[in-house]
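Encoded as C-alpha cells, the structure appears first; notes follow it.
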C-alpha cells in the first residue's frame, strides 16, 4: 500500500478503536479517539521511513522492529498505541499488497505476502484498505473483549520493569 492507504487505515482504525476502547457517543469516546489517533498514525507511517534509507519493505518492515514497538510501552511507559500503527501497517502490506514484506529481515530478505493483495496503484487499493481495516477492527475488538483490554495502564508494567532492572543493578 502507499502512504495514503496507510493513513486511511490508521485514521479508520483510530476512530473504530476509540469506540472499542470507550464505547458510546460521548466526550469520553471523543477523548479516547483523539488520544490514540496521533500515535496510531505515526506508527502507521514509521515503517515507510525506510524509503529514505535502507531498503524499502525490508529495513523497517520486520518482526524485530515490531518487537521494539511492542516492548517500548512496557519498558518506558509511553507510546502505548504506536505499535498498533506499525502492526497494522505490516498487515496492510502483507494482506493488501502484492509484494509483501521481509518479516525476518535482517536474517532473511525473503518477502512474505498473501495472494489477496493489489498493486499500490490499483483502482481497488482503497477498497482493499477499507476491507483489511474492517477485519483488523474485528480482530482488535475480539482481543479487547476476550483476551486483554487495549486501554491497559502500562505505567504499572513500566514501574515493575524499572524495579526489576534496579534489583539487577542495571
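The values are calculated or read from the model by the stated rules, or taken from the named source; none is laboratory data. Given the structure is predicted, the values throughout are model-derived calculations rather than measurements. Positions of Cβ are generated from backbone atoms using ideal geometry, with glycine treated the same way; all protein chains shown enter the neighbour counts.
Points worth noting:
- Scope segment 101-122; condition closer than 19 Å to residue 50 by Cα and in contact with a helix residue (DSSP H, G or I) (Cβ under 6 Å, 6 or more places away or on another chain); matching residues: 101, 103, 113
- Qualifying residue in segment 140-158 (condition: more than 21 Å from the chain's Cα centre (by Cα), part of a loop (DSSP other than H, G, I, E, B) and at pLDDT below 95): no
- Selection of segment 102-141 for residues being in contact with a strand residue (DSSP E or B) (Cβ under 8 Å, 6 or more places away or on another chain), more than 19 Å from residue 62 (Cβ to Cβ) and surrounded by 14 or more Cβ atoms within 10 Å (Cβ to Cβ) yields 118, 120, 125, 128.
- When the test is whether a residue is in a helix (DSSP H, G or I) and without any contact (Cβ under 8 Å) to a residue 24 or more places away in the chain, residue 34 passes it.
- Considering segment 82-103, and only residues there that are in contact (Cβ under 8 Å) with a residue 60 or more places away in the chain and farther than 10 Å from residue 113 by Cβ, the residue that is farthest from the chain's Cα centre (by Cα) turns out to be 92.
- Condition met for residue 91 (under 15 Å from residue 48 (Cβ atoms) and part of a helix (DSSP H, G or I)): yes
- Qualifying residues in segment 42-70 (those that are loosely packed, with under 15 Cβ neighbours inside 10 Å and more than 13 Å from the chain's Cα centre (by Cα)) - the one nearest to residue 7 (Cα to Cα): 49
- Taken over segment 1-31, the criterion of being in contact with a helix residue (DSSP H, G or I) (Cβ under 8 Å, 6 or more places away or on another chain) and more than 22 Å from residue 130 (Cβ to Cβ) is satisfied by 22, 30.
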